[in-house]
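A.B. asks: Following this message is one structure expressed as structure tokens.
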Amino acid sequence: MVRNLLKVSDFSRAECEKVINKSIEIKKNPKKFVSSLEGETLLMLFEKPSLRTRISFETGMQQLGGHAIFYSIKDSPLGKKENISDTAKVASRFVDIIAARVYNRKDVWDLAEYADVPVINMLDDFAHPCQILGDFQTIKEKRNNLDNFKLSYFGDAYNNVTYDLMRMCALFGLKMDVACPQDSKYTPEKSVLEEVETLSKNTGAEIRIMNDTLTAAKDADVIYTDSWMSYGIPIEQEEDRKKAFLPFQVTSTVMKTAKSDAIFMNCLPAMREYEQTAEVIDGPQSVVFDQAENRLHIQKAIMLFLRDKY
Ligand code: CP
Ligand code: NVA
């Protein structure tokens, strides 16, 4: 059966760990994998901008002996000139993996439904699984394991990255506090809360949504924030969003309230003095560049897993 990665909980906890461990192995010894996907092709469909995702997938595929095609669907949206099922079926005749970054989750779900090859979500409005798997690799490298820690998230919680962080913490039985404005524009969708609650029942995870920044920061091992202005958010909303999110900015007070050895994470792109102050992101607890680097290794591990190479 062809497997896809549309949200992080498409993998079990054991599969996430397997992929993270493979990524650590690839990072240590990249030469061992130079022919692992020899002759294979990755199609990357992009509707939204990207720095890290595009470069790391393209580089990663090349380092595995394969080839990546960048295809912009910005000016020719999926499902307009031909239906998505035709696109998926045609692409499946040419390539071995399809990856897509789209505005609307339904588009990547449809690609996955009709493709005959694995489909990877490179970010939609519902999930960012490659990011969160890479982030958990980073956490594992810093803490040596993925057990019994508390991750606290600050800012926009009606958000792809937040959703997959919640799913991942639920899968791993962790504590997670999400500090966000009360307005439903900025809080997680009901379906995500329901999924996270179901997952948590099996693992004992404790995921809380709150609007008190310092309560969220207390005892945290990982402090995480994401952009206040996700791709596609109209510029006219910027002032309102800044006002709503400012109380949730990660400052040195937030960092001091967390555990003394807490790490600071942001998936990037980041704006200094928006979701975090410059002293936090450029300070000694910040691991944002290790986080960015791990996108390369984890995506190689994800592609190998989906192509059944281990
Ligand atoms: N973190 C991340 O996905 O970055 P890009 O938007 O630059 O790909
Ligand atoms: N939430 C952000 C993540 C960027 C990697 C966005 O959607 O733009």
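The values are calculated or read from the model by the stated rules, or taken from the named source; none is laboratory data. Computed from a predicted model, the values in this text were never measured in an experiment. No Cβ is skipped: glycine too gets one built from the backbone with ideal geometry, and neighbour counts run over all protein chains shown. Note: areas computed on protein heavy atoms with side chains; ligands, DNA, RNA excluded. Shrake-Rupley method; radii C 1.70, N 1.55, O 1.52, S 1.80 Å.
A.B. asks: With the calculation restricted to Cα positions, what are the radius of gyration and Dmax of the chain in angstrom?
C.D. replies: Expressed in Å, the Cα Rg and Dmax of the chain come to 18.8, 55.
A.B. asks: Testing the spin-label approximation: label points 7 Å from Cα along Cα→Cβ at residue 10 and residue 289. State their distance in nm.
C.D. replies: 3.2
A.B. asks: Which of the peptides 139-152, 263-276 is most tightly packed, and how do the rest follow, going by the mean number of other Cβ atoms within 10 Å of each residue?
C.D. replies: With the highest mean Cβ count within 10 Å placed first, the list reads 263-276, 139-152.
A.B. asks: Just need the Rg to Rh number for region 131-256, please, alpha carbons only, Kirkwood Rh.
C.D. replies: We get a ratio of 0.96 for region 131-256.
A.B. asks: Give me Rg over Rh for region 178-219, both radii from the alpha carbons and Rh done the Kirkwood way, two decimal places.
C.D. replies: 1.01
A.B. asks: While we're here: Pop the C-beta distance of residue 271 and residue 93 into the FRET formula with R0 = 30 Å and round what comes out to the nearest 0.05.
C.D. replies: For residue 271 and residue 93, the calculated efficiency is 0.10.
A.B. asks: Okay, moving on. Give me the number: length gained by fully extending residue 309 to residue 252, i.e. 0.36 nm times residue separation minus the C-alpha to C-alpha distance, one decimal in nm.
C.D. replies: My answer for the length gained is 16.1 nm.
A.B. asks: Excluding residues on the same chain fewer than 8 positions from residue 256, give the aspartates and glutamates whose Cα lies under 20 Å from its Cα.
C.D. replies: Once the sequence-local aspartates and glutamates are set aside, what remains near residue 256 is 177, 212, 219, 221, 226, 273, 275, 279, 282.
A.B. asks: Once amide H atoms are placed 1.01 Å from N in the peptide plane, what residues at a sequence separation of 5 or more from residue 69, or on another chain, have their amide H within under 5 Å of its amide H?
C.D. replies: For residue 69, the qualifying residues are 42, 43, 44.
A.B. asks: Note down the nm distance, to one decimal, between modelled labels 7 Å out along Cα→Cβ at residue 25 and at residue 104.
C.D. replies: It works out to 4.1 nm between the two label points.
A.B. asks: Also: Can you tell me which of 222-235, 155-168, 91-104 comes out highest on packing, and rank the rest after it, using the mean Cβ neighbours within 10 Å?
C.D. replies: Put in order of decreasing packing, that is 155-168, 91-104, 222-235.
A.B. asks: Taking the convex hull of the Cα atoms, report for region 5-143 its projected area averaged over all directions, in nm².
C.D. replies: For region 5-143, the mean projected area of the Cα convex hull comes to 8.4 nm².
A.B. asks: Another one. With a 1.4 Å probe and all protein chains left in place, how much of the accessible area of the chain comes from carbon and sulfur atoms, in whole percent?
C.D. replies: The C+S portion of the solvent-accessible surface of the chain is 50 percent.
A.B. asks: Rounded, prolate or oblate, given the Cα gyration tensor of region 1-47, with a/c below 1.5 counting as rounded?
C.D. replies: Oblate, because a/c is 1.5 or more while a/b does not exceed b/c.
A.B. asks: Quick one: if you stick a label point 7 Å off each Cα along the C-beta vector at residue 243 and residue 197, how many nm between them?
C.D. replies: 3.2
A.B. asks: Let me ask something else. Work out, in µm²/s and without decimals, the Stokes-Einstein translational diffusion coefficient of region 68-131 at 4 °C, 1.567 mPa s, Rh from Kirkwood over C-alpha pairs.
C.D. replies: After rounding, the answer is 109 µm²/s.
A.B. asks: Report the normalised scattering of region 108-155 as log10 I(q)/I(0) at q = 0.15, 0.28 Å⁻¹, calculated by the Debye formula with identical scatterers on the alpha carbons.
C.D. replies: With no solvent term, the Cα-only Debye profile gives -0.58, -1.06.
A.B. asks: What is the spread of the Cα atoms of region 247-287 along each of their three principal axes, largest first, in whole Å?
C.D. replies: Principal-axis extents of region 247-287 (Cα, largest first): 25, 22, 14 Å.
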